[in-house]
Amino acid sequence: MLIEEIRKRVKIERKIESQVLDRDVFLTLGYLMNKKLIQTVDFPISKGKEAYVFRATGGENAEDHFLALKIYMIDTSPFKHMYEYIHGDPRFRAIKRNKRDIVYAWTRKEYRNLKICEVAGIHAPSPYYFQKNVLLMSFIGDEGSPARLLKEVGPPDPRTNFKQLIRDIRKLYHNNLIHADISEYNLLVKGDLLYLIDIGQGVGTEHPMAESFLDRDIQNVLRYFSKFGIKDNFEDIKKKIIS
């Protein structure tokens, strides 16, 4: 599929296109369209320091009508920060310390971490496909509208949401994974449930910083939910998670 044909199915501003859509990304989108996993790239859902996330309309071979397409920015991604989470992960021992290789590894890492979440039954997007700096995953939202961040809308049921989140952290831990960046900025609210996102920095329990990252996740959850009258002891929660 020619790049001009792909561009016709990418319904985003040229300014955004210039930031994320280089030739390799266009070729990956062409592959996804040829495989009928996506029909169009519709609009941006969010933009962070590392990546843009777009809503895409699924193709005939996609299980979902809408999908989320995450494209990591190579030129502006904080690759030194990324390297801290990749270094020490035995899955990525051979990664060279240059920007492009680290961003590609980060994309692959997020895909693998989402696969772990999917197998463990954790509330998170389901991964479809990745290539280089492009990740395709399920869309979290209703009727084409993306779910909002917990930071923006608050917990629907604080006590129930707190318990669900602790259960998901425990499932992660017992599948040898720690999110390492849980906060109200990395949780989506859909219905009565919270969904973990941005799990590229997640590390295995054998990572040298694993316990420190787990402690930080627990502290962040306790800090946030204390605003809603939930008071739990850090040590008790940690014992529940690792037991």
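Could you give me the residue pairs with C-beta distances under 8 Å whose first residue belongs to the range 203-225 and is closer than 19 Å to Ile166 by Cβ, whose second residue is among the polar types (S, T, N, Q) and at pLDDT 95 or above wherever it lies, and which are 6+ apart or on separate chains?
That search, which allows pairs on different chains as well, returns Thr205/Asn176; Asn220/Ser183; Tyr224/Ser183; Phe225/Asn161.
Collect the residues in the range 210-235 that are open to solvent by 80 Å² or more (accessible area, probe 1.4 Å) and either within 14 Å of Tyr173 (Cβ to Cβ) or acidic (Asp, Glu) (or both), keeping them in residue-number order.
Scanning the range 210-235 gives Glu211, Arg216, Glu235.
Let me spell it out: the conditions are (1) at pLDDT below 95; (2) touching a Phe, Trp or Tyr at 6+ places or on another chain (Cβ under 7 Å); (3) over 25 Å from Ile178 (Cα atoms), and Arg97 meets all of them except one. Which number is the exception?
So Arg97 meets the others, but not (3).
Of the conditions (1) under 21 Å from Asp64 (Cβ atoms); (2) out of contact with any Gly (no Cβ under 9 Å at 6 or more places or on another chain); (3) part of a helix (DSSP H, G or I); (4) not small (Gly, Ala, Ser), Ile116 fails just one. Which one is it?
Answer for Ile116: the failing condition is (2).
Need at least 3 residues that are open to solvent by 10 Å² or more (accessible area, probe 1.4 Å) and more than 21 Å from Trp106 (Cα to Cα) per element, so show me which helices (runs of 4 or more DSSP H) inside the range 1-93 make the cut, counting only ones lying wholly within it.
Correct list: 3-8, 14-20.
Give the range 220-236 a look and list any residue that's more than 15 Å from Ile178 (Cα to Cα) and in a helix (DSSP H, G or I), or say none.
Leu222, Arg223, Tyr224, Phe225, Ser226, Phe234, Glu235, Asp236, listed by residue number.
Can you tell me which residues in the range 178-212 are β-branched (Val, Ile, Thr) and either assigned to a strand (DSSP E or B) or within 15 Å of the chain's Cα centre (by Cα) (or both)?
Hits for the range 178-212 are Ile178, Ile182, Val189, Ile197, Ile199, Val203.
Based on this model, can you work out whether Gly48 counts as small (Gly, Ala, Ser) and either modelled with pLDDT of 90 or more or in contact with a His (Cβ under 9 Å, 6 or more places away or on another chain) (or both)?
no
Being on the phi > 0 side of the Ramachandran plot and among the charged types (D, E, K, R) narrows it down to one of Lys109, Lys132, so name that one.
Being on the phi > 0 side of the Ramachandran plot and among the charged types (D, E, K, R) holds for just one of Lys109, Lys132, which is Lys132.
Going through the range 128-139 one residue at a time, which ones are in contact with a strand residue (DSSP E or B) (Cβ under 8 Å, 6 or more places away or on another chain) and open to solvent by 20 Å² or more (accessible area, probe 1.4 Å)?
Tyr128, Tyr129, Phe130, Phe139
Can you pull out every residue in the range 174-197 that is touching a helix residue (DSSP H, G or I) at 6+ places or on another chain (Cβ under 8 Å), of a type in the set (D, E, K, R) and open to solvent by 20 Å² or more (accessible area, probe 1.4 Å)?
Asp181, Asp192
Pick out the one residue from Pro155, Pro125 that is part of a loop (DSSP other than H, G, I, E, B), under 20 Å from Ile45 (Cβ atoms), open to solvent by less than 60 Å² (accessible area, probe 1.4 Å) and at pLDDT 95 or above.
After applying the criteria, what remains is Pro125.
The values are calculated or read from the model by the stated rules, or taken from the named source; none is laboratory data. Predicted, not measured: the structure shown is a model, and the values here were computed from it. All Cβ positions, glycine included, derive from the backbone under ideal geometry; neighbour counts span all protein chains shown. Please note that ligands, DNA and RNA were not included when accessible areas were found on the heavy atoms of the full protein model with its side chains. Shrake-Rupley method; radii C 1.70, N 1.55, O 1.52, S 1.80 Å.
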